[in-house]
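Reading through the structure tokens given below for one structure.
The values are calculated or read from the model by the stated rules, or taken from the named source; none is laboratory data. This is a predicted model, so every value here is computed, not measured. Here the Cβ is made from the backbone with ideal geometry for all residues, glycine too, and neighbour counts use every protein chain on show.
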Amino acid sequence: MVPPAADEHMALQDIIQRAPKRIKTQAPLDSEVSSGEPDSDLITDYKPTITTTPKLPDQASDSVENEDGLEPPLESSETELETSLPPIKTDKEAIDDYETSRAVEQDGTSLHQRYGERKWVKGRSSIYVDAFNLALESVLNDEAHLFDEAEVAFFEQWRGLCYESQYLYVRLFLRKSSAWHRVSRLGYYDDIADLPAAVDNLRLVRTLPASSSPSQSSPAGLDLPEGTVLGDTFRFAEGLEEITTLEEASSLLLLEELKTLAKEARVQGKNKKELLKALRETSSAQTGLGWTNTANYDDSNQSGDPATNGELTRGATRDGYFMRKILDYTGDCIRLAAAPYKLFERVHLVFYRSTEWTEKSLTTIILAKISRRNYPHYTVSRSNAIFPSRAALLEFEAALRVQFDIDNAMEFNAQSAMENLQKIKSLSERVYPRWRALVEEEQRKEERIYETGEGAYLRRFSPAWVYTRIIHKGLHALGRFKEHKREHELITELLDQRLFHAARRGAWYQRKALLEEHYMWSLTPFEGRSEDAQKKEWKRRALRTCEQGLEDRDCHLIYHYDLQKRIIKLEKSLKIVKREQHDFGHVMLVQPGERTVEGIQIQKEIPISNNGAKANGGNGASQRGRPTAWVDEREDGAECRVESMCLSWYRDNGWKGFHAEGGIMRTLFGYLFYDVLFTYVPNVFQTEFQTCPLDLHTDAFYPSRASEINHRLAQLANGEAESLIRKVHAREFERQPCAIGIDWTFDLDDLVEIVQCFRGEALATVCKVMAQEYQQRGGGIPDLFLWRVDRKEVLFAEVKSANDRLSDTQRLWIHVLTSAGVRVELCNAVAREVRVLLA
């Protein structure tokens, strides 16, 4: 448990909120919207849309540090814990300001004193070290059963390290784990008085007692990579003696250093990659030169290490000579040892319930705690049953590594496509038997152990959760190999279980129906039927699959339209009589209306430079897709964005509204589902300063509260939205707690008018989509939210100027809104006049 909140007067200054009219947020990444397959698993899904590589301890990549001597921190998607915290300043300036203002000149303060009383001393304690140790102590206090005797002894040795060694380790831990760092360029002199001593301390060989835990393989045959398990001895960090190849040594060079070395070796290349390749090829090709230790360089190092004193062991090649030249450039280097790093990553996996944590993750908890904020009232519950045993945790880790390999393989190029597809297929087949066993085990738990809804979030930490996703990814490979019968069998099994990845059920129904309509007739026995009769039989099965999808309470609404279209197509093909056909006329997709708004556009002329080129390389193509500037003729002719110009037009024509891009809908959802969001569910509130439950951004949120959510949706359909908003406003507005989505600056009268104009059934439909997939549906909501009290009508308008196109997420929201009977317009901004101004 995290210590209780401290006095408010010691807190950081609040972040100033922006006015709702000017809200402009970046839509979250939605990696599989185009295919209708949401991929929101923060715990287990390494999204291909993330441009940096997710952190895994066994991932091999030897990279040189940046110009400051440090490997830049890995970017990553936020952990569920971070998404539940309020928006606070977590940058270096905020941390430095805080530590400086709270520094006290006293010794002997403990971790919990510094955390509870907010006391850090420059050079003797750090928010990074304390946050790192807070995670470790919390895990050992609550979940020590996940670690064996050797690992517990390792943690004791960690506690015995001096502050400077811990500080150096933590800062390197937040960088790439497998990268070498030049000691001379670490740049921690303000916090570490004796950097060489701290480096030597981390490299010291230490002993551990033998573990009494039996060495066992993963039940799915997925073992830990070599070198990532603690042995009888260990070091926190490694030195230059571990650099044994020219390839590894050359990766330490900066580009300018590499160019100098390449010039001496008489090799050429356009970039660092080509230069490295040419250097290695040259070294291996030039043999028999008999290089000796007579080169003109400093021979003062007499350590006996051939990698550092010039005694070349590769006389037949130039490797030794080049390695010596490289190490002359770099000087001493340090790299964290794999096994300790792996163990600390496991600690953070348990603490954050996620594999995607960053430097920001370490400090966010403390910085959120000290901010002057009010938080919703809820019951904090941190269970020690997330991972029931050490074996379950290790299998979960192993499953994550396989999933990571599959995600990488799916980003293949054309040359290795079939090879990678075969790899995906093989990995999926390997985990299949274990997946079947775990699904049966989890079903027994659901029936006999878990309380109502409790298992939905806990199952996200079961290896079966990861295996389900692996098998789902394997379906793609089976389809490419035309193994449609096996693909159909696996999809059927995936649909037969209701415990894992419920958000994918709609996609599974769609694919199953497609296979039954087009392929299965030729892959199964005819049983005396003619070819035409066989085809009709499987089309009837496809029709039934679509009907089952529409009847499935876990099949999200976003899939209904495609299933309905297929039903209409199949019924027409089967020549089913009209009176027996389905009628979806009341929910079929209505095309959005078109609106043209004329205005005065401002174009800023880019000045011509002396050489005749436009500054910044400006051209028409580079301006495409950027926000355009317009004149707001109804607001004193001020310059504005195109959305504001169109909003003024709607206001002149009797509409009220905001340019909020989803801000209104998120605020309405926060008000209407406030009690549901903060109702007690085990394990989803693990700190006192969360703005939402940890599972809100997962597909576990809806099933864990299905009864409460469905009851609230019925209330909305019955027209009770106004009373719900007034009740929450009266109770919470004075405190204005940090509750996800709610912007307290929206006026109560406006919110009440909106729900009075919003048909109850339509409001319930939109809220159900948000409850099912809050993260994926956070973006894509049309720009303008408008309402008219006289007509009791709401209108969404998506503003588009020249060359703009609808994104997949925008099309999906238009589909949801129109199918719910809500009016949507595409507002096209057209320039009736263009004013050119000098930029």
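Are there any pairs with C-beta distances below 7 angstrom linking a residue in the stretch 563-583 that is in the same structural domain as GLN510 (by TED's automatic domain parsing) to a residue that is among the basic types (Lys, Arg) and buried (at least 18 other Cβ atoms within 10 Å of the Cβ), with the two at least 6 apart or on different chains, and if so which?
Cβ pairs passing all conditions: LEU570/LYS539; SER573/LYS539; LEU574/LYS539.
Out of (1) in the same structural domain as CYS767 (by TED's automatic domain parsing); (2) at negative phi, the odd one out for LEU647 is which?
All conditions are met except number (1).
For SER573, work out the one condition from (1) at pLDDT 85 or above; (2) surrounded by fewer than 13 Cβ atoms within 10 Å (Cβ to Cβ) it doesn't fulfil.
The failed condition is (2).
How many residues are surrounded by fewer than 18 Cβ atoms within 10 Å (Cβ to Cβ) and modelled with pLDDT under 85 if we restrict to the stretch 154-177?
Number of matching residues: 0.
Please specify each residue of the stretch 476-504 satisfying the condition of being hydrophobic (A, V, I, L, M, F, W, C) and either farther than 19 Å from ASP695 by Cβ or free of Cβ contacts under 8 Å to residues at least 40 places away in the same chain (or both). First the steps, then the outcome.
Start the filter on the stretch 476-504 by keeping residues that are hydrophobic (A, V, I, L, M, F, W, C), which leaves 477-478, 481, 490-491, 494-495, 499-500, 502-503.
Once the filter is applied, which keeps residues that are hydrophobic (A, V, I, L, M, F, W, C) and either farther than 19 Å from ASP695 by Cβ or free of Cβ contacts under 8 Å to residues at least 40 places away in the same chain (or both), the stretch 476-504 yields ALA477, LEU478, PHE481, LEU490, ILE491, LEU494, LEU495.
Checking the condition of a type in the set (A, V, I, L, M), under 31 Å from the mean Cα position of the chain (by Cα) and modelled with pLDDT under 90, which residue from LEU246, LEU258, LEU222, LEU240 passes?
Working: LEU246 fails: under 31 Å from the mean Cα position of the chain (by Cα); LEU258 fails: under 31 Å from the mean Cα position of the chain (by Cα); LEU240 fails: under 31 Å from the mean Cα position of the chain (by Cα).
Result of the check over LEU246, LEU258, LEU222, LEU240: LEU222.
Checking the conditions here, which among GLY741, GLY760 is farther than 14 Å from GLY663 by Cβ, among the small types (Gly, Ala, Ser) and not assigned by TED's automatic domain parsing to the domain that holds GLY657?
The conditions single out GLY760.
Find the helices (runs of 4 or more DSSP H) located wholly in the stretch 723-839 whose residues include 3 or more that are under 34 Å from the mean Cα position of the chain (by Cα) and modelled with pLDDT under 90, and list them.
Output list reads 808-819.
Looking only at the stretch 136-172, count every residue that is among the hydrophobic types (A, V, I, L, M, F, W, C), under 12 Å from ILE192 (Cβ atoms) and part of a helix (DSSP H, G or I) and tell me the total.
3
I'd like to know if the stretch 477-500 contains one or more residues that are touching a Pro at 6+ places or on another chain (Cβ under 9 Å) and either hydroxyl-bearing (Ser, Thr, Tyr) or under 20 Å from LEU550 (Cβ atoms) (or both).
Within the stretch 477-500, one or more residues are touching a Pro at 6+ places or on another chain (Cβ under 9 Å) and either hydroxyl-bearing (Ser, Thr, Tyr) or under 20 Å from LEU550 (Cβ atoms) (or both).
Looking at the structure I just gave you, is LYS473 assigned to a helix (DSSP H, G or I), free of Cβ contacts under 8 Å to residues at least 24 places away in the same chain, in contact with a helix residue (DSSP H, G or I) (Cβ under 7 Å, 6 or more places away or on another chain) and of a type outside the set (Ser, Thr, Tyr)? Before you say what the answer is, go through the steps one by one.
On the way: assigned to a helix (DSSP H, G or I): yes; free of Cβ contacts under 8 Å to residues at least 24 places away in the same chain: no; in contact with a helix residue (DSSP H, G or I) (Cβ under 7 Å, 6 or more places away or on another chain): yes; of a type outside the set (Ser, Thr, Tyr): yes.
Here the answer is no, as LYS473 does not meet what is asked.
Scan the stretch 248-263 residue by residue and report those that are free of Cβ contacts under 8 Å to residues at least 60 places away in the same chain and of a type outside the set (Lys, Arg).
LEU255, GLU256, LEU258, THR260, ALA262 - these are the residues of the stretch 248-263 that are free of Cβ contacts under 8 Å to residues at least 60 places away in the same chain and of a type outside the set (Lys, Arg).
All but one of (1) outside the structural domain of ASP790 (by TED's automatic domain parsing); (2) in contact with a helix residue (DSSP H, G or I) (Cβ under 9 Å, 6 or more places away or on another chain); (3) touching a residue at least 60 places away in the same chain (Cβ under 8 Å) hold for SER707; which doesn't?
Of everything listed in (1) outside the structural domain of ASP790 (by TED's automatic domain parsing); (2) in contact with a helix residue (DSSP H, G or I) (Cβ under 9 Å, 6 or more places away or on another chain); (3) touching a residue at least 60 places away in the same chain (Cβ under 8 Å), SER707 misses just condition (2).
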